[in-house]
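What follows is a set of notes on a single structure, which appears directly below.
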There are 2 protein chains.
Amino acid sequence: VSPNGTIEVIPVLGIGEVTPGANLGRLIVEAATSQGAGLVDGDVVVVTQKIVSKAEGRLVAVDGPKALEGVVKQQSRRILRKRAELTISETHHGFVCANAGVDQSDIPEGWASILPKDPDASARRIRAEIAEVSGAIVGVIVSDTFGRPWRRGQTDVALGVAGIPAVLDLRGTRDRFGRTLHATEIAVADEIAGAAELAMGKSRGVPAAIVRGLSLPEQEGKGSDLIRHFTEDLFR
Amino acid sequence: VSPNGTIEVIPVLGIGEVTPGANLGRLIVEAATSQGAGLVDGDVVVVTQKIVSKAEGRLVAVDGPKALEGVVKQQSRRILRKRAELTISETHHGFVCANAGVDQSDIPEGWASILPKDPDASARRIRAEIAEVSGAIVGVIVSDTFGRPWRRGQTDVALGVAGIPAVLDLRGTRDRFGRTLHATEIAVADEIAGAAELAMGKSRGVPAAIVRGLSLPEQEGKGSDLIRHFTEDLFR
């Protein structure tokens, strides 16, 4: 028995190659059940962008660096910085990331994946699929791997969210000396996506994880809640 | 029994108020043991900056907003942005964060905590204390709560690291189509700090967590490995 308050992060193994039109919710429920980790109410299921894009047919033909550059440009609302092969741009959703999320890893030669058109809608659909197949009321996060300014290395963050808050608002909460808290808005969906990466990253090609024991309220958070608007950003 | 590859995040309860000179390693081992979660080899122990600063006597008297501003200035190598009460600065360590990490929450009135002088040294000391008291060879992360540009909400990140890599270098790893990976350097220490926050944040005043089952190599990572150098940063 685990101590009180323990959170478990369980990689979902054996999902296999995902093809356009796949019912990801069903694939995840079946894989989780067959490894003895059937979903329960309150679980948060983290699904990588790559298989969401594959299931949604978000693949484009790319026949060289010039074509890739064109796709990146098309997926960008604006280009923020460019250096050698690295383009940092703002996507049409408002995400700031490398190459507008266009990615050629784990994709057949000659193709690239682009981000889901509406990652929150993707998360809501997977949540509904999971409820239909298993009866479990879960939260869903569609995650991707982003770099950060100021800090080296990449972490997984939330693009789309369903059924849980994306940002936990602690404003007004007081510390034990009666003062309001320093950390007032916690980006829980990003922390959950990062925790899931730790479990998925232990083996190659694991595209989903279950985070169990979070005790988050059921709430209609959105990935877009995590986007700092251009006008309130001091660094763009 | 948890499925293969599961990671557990266990909040360490009952540490109590920390005073200057405290042996944090001993406090953590005793609290973890008394809740039935005695430390084992390979665990990563995440300790919040706040109790590390308290144990190291990193508290300064602050008798008003003007004095606070002076402390922030003194703790900064350079000020990057300033807007109303918010100062974004680069600390002498190279961290970019709000108010140079100077913080008045969970501190008695009239005082503020400043960051540990050398968070990697703090992590190494706690690691040695834990080994001495329990015999367990663990990784240690000293964490703090930072905001980010571009994304709303704060997440916990690693200031100091001991015994594990801070950044997992996957350069040269190939996907199943034989191409090199998109995500090549994973900031695992930041993801672990964020995962720990999820468990600590479930109740008030929990200053440490154990992350179990990561299977990271024993390695002398450093918190400073996570600092992107000024000259290679496109956004400063």
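Only the coordinates and a few stated rules stand behind these numbers; no lab work does. None of the values given here were measured: they were computed from a predicted structure. Every residue, glycine as well, gets a Cβ built from its backbone with ideal geometry; the counts of neighbours run over all protein chains shown.
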Item to complete: Give me the distance in nm between label points sitting 7 Å out from Cα along the Cα-to-Cβ direction at B:L234 and A:H92, one decimal.
Response: 2.2 nm
Item to complete: Starting at the first residue of segment A:85-95, write each ³J(HN,Hα) from the Karplus equation 6.51 cos²θ - 1.76 cosθ + 1.60 with θ = phi - 60°, in whole Hz, x for Gly and Pro.
Response: 7, 9, 10, 9, 9, 9, 6, 5, 6, x, 6
Worksheet item: How large is Rg/Rh for segment A:116-174, to two decimals, with Cα atoms and a Kirkwood Rh?
Response: 1.10
Response to the item:
In nm, the gap between the two label points placed 7 Å beyond Cα toward Cβ at A:S2 and A:A121 is 3.5 nm
Practice prompt. Report, for the protein assembly as shown, the % of DSSP beta bridges that are antiparallel, rounded to 5.
Written response: 85 percent
Worksheet item: Is there a pair in A:K66/A:K222; A:K202/B:K222; A:K73/A:K202; A:K117/B:K50; A:K54/A:K222 whose C-alpha atoms are over 31 Å apart, and which pairs would that be?
Response: A:K66/A:K222; A:K73/A:K202; A:K117/B:K50
Response to the item:
Taking max minus min of the Cα coordinates of the protein assembly as shown on each principal axis, largest first, gives extents in Å of 61, 48, 41
Worksheet item: In square nanometres, what is one fourth of the surface area of the convex hull spanned by the alpha carbons of segment B:45-197?
Response: 11.5 nm²
Practice prompt. Any chance you could tell me what percent of the C-alpha pair distances in segment B:26-120 go past 20 Å?
Written response: 46 percent
Worksheet item: Calculated FRET efficiency, B:E220 and A:E220, Cβ-Cβ r, R0 41 Å, to nearest 0.05?
Response: 0.40
Discussion item. Between B:E185 and B:A61, what is 0.36 nm times their sequence separation minus the Cα-Cα distance? Round to one decimal in nm.
Written reply: 40.6 nm
Discussion item. For segment A:1-76, what are Rg and Dmax over the alpha carbons, in angstrom?
Written reply: 17.4, 56
